[in-house]
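Any read-out appearing in this document is the output of simple, stated calculations on the displayed coordinates, not a laboratory observation. From a predicted model like this one, the values you see are computed outputs, not experimental measurements. Note that we place each Cβ from the backbone using ideal geometry, even for glycine, and neighbour counts take in every protein chain shown.
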Amino acid sequence: MTLGLFDLAFVGSLAVAAPSGYDTDAQAYITAVEAADGQALETGVRDAINAFVVGCKADGIWAAIKASCILSGAHTLSGALVPLAGAAPTNLNFVSGDYDRKTGLVGNGTNKSLDSNRACSSDSQDNAHAAVYASSRDTGAGRYIGGVQAGNSLSIIGNTTGFRARVQSSTITTHGTNTSSAVLIGVSRSNSSTYSWIDGAQSGSASITSAGISTGNYFVFAANVPNSWTPARLAFYSIGESLDLALLDARVTTLINAFAAAIP
């Protein structure tokens, strides 16, 4: 049967018209989010998700995203915790009131975090990245994303300006002087001697030798265990293999801005 310009995606007992021609990975994610929400996403939100996935594939960074959630866009917290890539995170103490469709999920700095269910050892010592889109920053020392609190690990850590990081080593380094929110903060290592970093419009590289990989899973909003919780608000996170942070920044920023325009 021909449906013209539209296919039908079913969310529970609800049939929802979805534009044909969406990328298959984008459509699978949209369908799963709508099932978790129990209602359809706005066309503009769907379009933004599809454009993000298609754009990441065109940029050559999609395959490097191994564990990710778009912590915004969905109608509900359950929908926001549907994984864009990898395993679904384990929710530790977040409730629906912590979630905003436009700005994401807010931590409390004391006991709220997500276990990404991605092992730190899943990515090699010299091929790894982690990034978050911070709608509001951590100006203390909480972990946006964290392996073990000490030792050789990959962690993105709050700071009074910019952020601090350790990237497959025990050395913690401060990067940037940015105080702006609504920015992508991330690190990526593709060799043993240096790694790259980004904090919104600021970016650079650090000459720090890799020294190993920590055990356990990566946590979001905390270090693993968990501890070192952050009160930041995050609208996206990604963990995986090394990638071009500037390209990821452009795609994620466009996605979050499109959500803001499409969501009433």
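Things to note:
- Here the relative contact order of the stretch 63-244, from alpha carbon pairs under 8 Å that lie six or more residues apart, stands at 32 percent.
- Within the listed set Y99, Y22, Y218, the residue fluctuating most in the Gaussian network model of the chain (springs between alpha-carbon atoms under 10 angstrom) is Y22.
- Additional length obtainable on full extension of the chain from A63 to E42, 0.36 nm per residue less Cα span: 4.9 nm
- Sum of -39500 (n - 2.57) over DSSP H runs of 4+, divided by residues of the chain (222 nm, nearest 500): -6500 deg cm²/dmol
- Springs join every pair of Cα atoms under 10 Å in this Gaussian network model of the chain, and among I49, I145, I208 the largest mean-square fluctuation is at I208.
- Surface/4 of the Cα convex hull for the stretch 161-219, nm²: 4.4
- When the Gaussian network model of the chain links Cα atoms closer than 10 Å, the mean-square fluctuations of G204, G151, G86 top out at G204.
- In this simple spin-label approximation, S96 and T253 carry label points 7 Å from Cα along the Cα→Cβ vector, and these lie 3.5 nm apart.
- Residues of type aspartates and glutamates that K112 reaches as a straight line, Cα spacing below 18 Å, ignoring anything fewer than 8 places off in the same chain: D98, D100, D138
- Counting only residues at least eight positions apart within a chain, or on another chain, the aspartates and glutamates with an alpha carbon under 16 Å from that of K57 are D23, D25, D47, E241, D244, D249.
- Here T177 and T24 are evaluated by their C-beta separation; at R0 = 45 Å the FRET efficiency comes out at 0.60.
- Using all pairs of distinct alpha-carbon atoms, the Kirkwood hydrodynamic radius of the stretch 63-244 works out to 15.5 angstrom.
- Alpha carbon centroid spacing (whole Å) that separates the stretch 169-203 from the stretch 221-264: 14
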